[in-house]
Amino acid sequence: MRAVVDDDACAGHGVCAAVCPSVFAITDGGYAEAVDTPIPPELEPAVREAADSCPEHAIHVTEENHVN
Ligand code: SF4
């Protein structure tokens, strides 16, 4: 799994960083950024929760690049 934040949609609430700080962080610019590496399987539920919790639906999750 990989996660990407849509810069145009993100409003910088920080919900994602609160739900899954291992993957999402708020940058100095005030918007969220996801790690640019495959998501470890143990973090996948938290990433899905973060994506579901994003008020702007700015987090896009793809199932490619599994690391098992
Ligand atoms: S929850 Fe969504 S809108 Fe808020 S900082 Fe994260 S990606 Fe951006």
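The residue that is modelled with the lowest pLDDT, counting only those in region 52-68 that are assigned to a loop (DSSP other than H, G, I, E, B), touching a strand residue (DSSP E or B) at 6+ places or on another chain (Cβ under 7 Å) and more than 8 Å from the ligand (Cβ to nearest atom), is N65. If you filter region 1-51 down to residues that are in a helix (DSSP H, G or I) and near the ligand (Cβ under 10 Å from one of its atoms), you find that the one that is surrounded by the most Cβ atoms within 10 Å (Cβ to Cβ) is C16.
Taking interchain pairs and intrachain pairs at least six residues apart, which have beta carbon atoms under 7 angstrom, with the first residue in region 37-54 and farther than 14 Å from P21 by Cβ and the second open to solvent by 40 Å² or more (accessible area, probe 1.4 Å) and outside any loop (DSSP other than H, G, I, E, B)? Correct list of pairs: P38/R2; R48/V61; A51/V61; C54/V15.
Looking across region 20-29, just one residue is among the β-branched types (V, I, T) and under 9 Å from the mean Cα position of the chain (by Cα), and that is V23. Scanning region 1-30 for residues that are touching a residue at least 40 places away in the same chain (Cβ under 8 Å) and within 14 Å of L43 (Cβ to Cβ) returns M1, R2, A3, C16.
The values are calculated or read from the model by the stated rules, or taken from the named source; none is laboratory data. Given the structure is predicted, the values throughout are model-derived calculations rather than measurements. Cβ atoms come from the backbone with ideal geometry, glycine included; neighbour counts cover every protein chain shown. The protein model used for the area step is the full one, side chains on, heavy atoms only, and it has no ligands, DNA or RNA in it. Shrake-Rupley method; radii C 1.70, N 1.55, O 1.52, S 1.80 Å.
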